[in-house]
Amino acid sequence: MNVLIVGAAGAIGAALLERYLQNPEIERIVATHHLPKRSAHDKLQWLACDLRDEQAIAACAEQIAAMELPIHRWVCASGYLQGPLGGPEKSMRNIRSAKLHDDFAVNTIGPVLLFSAMANKLKLVPGFKAAFLSAQVGSIEDNQLGGWFGYRMSKAALNMGIRCLAIEAGRWRNEPTIVAIHPGTTVSNLSKDFVKQRKAPLQTAAHCAEKLDHLIEQLSAEGTGQFYRLDGSQLPW
Ligand SMILES: NC(=O)c1ccc[n+]([C@@H]2O[C@H](COP(=O)([O-])OP(=O)(O)OC[C@H]3O[C@@H](n4cnc5c(N)ncnc54)[C@H](OP(=O)(O)O)[C@@H]3O)[C@@H](O)[C@H]2O)c1
């Protein structure tokens, strides 16, 4: 089995990569990184991909196609909450266009574009599964608090993109499984500034990756196009 991990240098992506490296059933791993930090391994190939850059996404998809490697598991573990343009908006007064553009570029447009650029190859792989890490705060129905406009809006839009991909890909000859997954609050660079008041211990990235791996293997094409928690229960869109 061969795997692609998008954002494999992040906390959850790196923990999943580590897990897949230890799994003898996984022969090859293609991993994308954004900033230049990476580890080496015989069965691992890194590719640079900035999800804000359409040309970089197309080049990444072309490089993967040139490998002529059937990808059986496609996991998007990239995500963006705060950066040089600021953090999550507490109020509508804080909404800024440039920050929203970044949120949408990394969380929504990049992952959907990369998937779409690879679809012609992915559709040929029997038993293909794709898991996009989304976030519960991207659920419109679940939103009782407001705030975090850019992150919530971009994850809600990602969810719609995943649903559309799953419906369209459901017409492929080899029925795929394409889902959104909320990984749960996890120790990471993305979460660290927002969990300081929490008393209960947080889930480690390794624990998250273990549950994520099990969930992906449990899911089948009947469960495509849905939004899951790590325990396999469904979230409302
Ligand atoms: N941690 C949580 O509590 C939590 C909760 C709910 C949902 N999630 C979701 O889970 C996923 C993984 O998050 P994490 O906690 O592991 O966060 P993380 O450690 O901050 O990792 C984020 C990943 O996204 C990549 N990324 C950021 N900007 C990028 C860009 N422009 N182009 C390409 N890649 C980019 C990062 O790459 P670089 O490091 O190279 O920039 C990194 O690999 C995200 O989708 C997040 O929204 C996390």
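Measuring from each cysteine beta-carbon in the chain, the ones with no other cysteine beta-carbon under 4.7 angstrom are Cys76, Cys164, Cys208.
Whole-Hz Karplus values for segment 57-72 come out as 5, 4, 5, 4, 4, 5, 4, 5, 4, 5, 6, 6, 10, x, 9, 8 Hz, taken residue by residue from phi with 6.51 cos²θ - 1.76 cosθ + 1.60 and θ = phi - 60°; glycine and proline positions read x. Close amide-amide hydrogen proximity is noted between Ala130 and Trp74, Thr177, Ile178, Val179, each under 5 Å apart and 5 or more residues distant or on a separate chain (H modeled in the peptide plane; Pro and chain starts excluded). Here the 3J(HN,Hα) profile of segment 9-18, calculated from phi with Karplus coefficients 6.51, -1.76 and 1.60 at θ = phi - 60°, is 9, x, 4, 6, x, 5, 5, 5, 4, 4 Hz, Gly and Pro shown as x. Under the combined filter of DSSP loop state and at most 15 neighbouring Cβ atoms within 10 Å, segment 145-191 retains these trypsin sites (Lys or Arg not before Pro): Arg171, Arg173. Considering only beta bridges that DSSP places wholly inside the chain, some 5 percent are antiparallel. Based on C-alpha pairs under 8 angstrom that are at least 6 apart in sequence, the chain has a relative contact order of 21 percent.
Let me check against my output: what whole-number percent is the relative contact order of segment 31-169, with C-alpha pairs under 8 Å and at least 6 apart?
On the way: 161 pairs, mean separation 39.2, N = 139.
Worked out over segment 31-169, it gives 28 percent.
Placing unit charges on the Cβ atoms of the charged side chains and taking the dipole of the chain about its Cα centre, the candidate lying farthest along the positive direction among Ile5, Ala61, His34 is His34.
In the chain, the longest principal axis of the Cα atoms and the axis of helix 149-169 are about 30 degrees apart.
For segment 92-101, putting each phi into the Karplus relation 6.51 cos²θ - 1.76 cosθ + 1.60 with θ = phi - 60° gives couplings of 4, 5, 8, 5, 10, 4, 4, 5, 4, 4 Hz, in residue order, rounded to whole numbers and with x for Gly and Pro.
Ranked highest first by the average count of other Cβ atoms within 10 Å around their residues, in what order do 8-17, 226-235, 111-120, 66-75 fall? Before the final figure, lay out each step's value.
On the way: 8-17: 25.2, 226-235: 15.2, 111-120: 19.3, 66-75: 17.8.
By packing density, highest mean first, the sequence is 8-17, 111-120, 66-75, 226-235.
Could you check how many percent of all C-alpha pairs in the chain are farther apart than 32 Å? Intermediate values should be presented prior to the final figure.
On the way: 3873 of 27966 pairs.
Roughly 14 percent, once rounded to a whole number.
Segment 16-55 and segment 189-208 have Cα centres spaced 24 Å apart.
Where a number appears in this text, it was derived from the coordinates with a stated rule and is not lab data. Everything quoted here is computed from the prediction, not taken from an experiment. Methodologically, a virtual Cβ is constructed for each residue, glycine included, from the backbone with ideal geometry; neighbour enumeration extends over all protein chains shown.
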